[in-house]
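A short write-up of the structure that comes next.
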């Protein structure tokens, strides 16, 4: 279960009809609204178990959008979070308009493609077992190779930046 501090913060994320739809490539790979997710700095400050539980709520909402039936365990988890943070905006968007549904489908296809292309440039990739609707992965990029055209004595950060720049500009 989430820590009280985290639940208190989630309770402040109340529904706004004028909230802007956003795209999150990682970790969501889908759409969300800016009144549903804590600001990134705040989210990153939560303990990892709390971040994972929040992401699990988003993963379960995808099941609602797809009209899937939740398992008993997922249903209990969903209801436990909803009972302690009932005003969290995520609980107000369990149905998508036709426009949002089409946008979601397009975004999810694009996110999957981006993610696959990014991982294709990794030197090593491993995928963990799915747990609570979430998939974990690890990717290793060997920065001691001269693929970016930078001298090997260049800082590792410049080599990472060059690799990411190559990825984002090669389309």
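Throughout, read-outs are computed from the coordinates displayed, never taken from laboratory work. Every value quoted in this text rests on a predicted model; they were computed, and no experiment measured them. Ideal geometry is used to build each Cβ from the backbone, glycine not excepted, and the neighbour counts take in all protein chains shown.
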> Which FRET efficiency value, to the nearest 0.05, do you get for residue 71 and residue 94 by plugging their Cβ-Cβ distance into 1/(1 + (r/R0)^6) with R0 = 22 Å?
Replying inline: 0.80
> What share of Cα pairs, in percent, lie more than 19 angstrom apart in the stretch 1-141?
Replying inline: 55 percent
> Tell me, how many Å apart are the Cα centres for the stretch 63-130 and for the stretch 1-46?
Replying inline: 13 Å
> At residue 5 and residue 42, where each label point lies 7 Å from the Cα along Cα→Cβ, what is the point-to-point distance in nanometres?
Replying inline: 1.4 nm
> To the nearest 0.05, how large is the calculated FRET efficiency for residue 82 and residue 52 if R₀ is 22 Å and r is the Cβ-Cβ distance?
Replying inline: 0.80
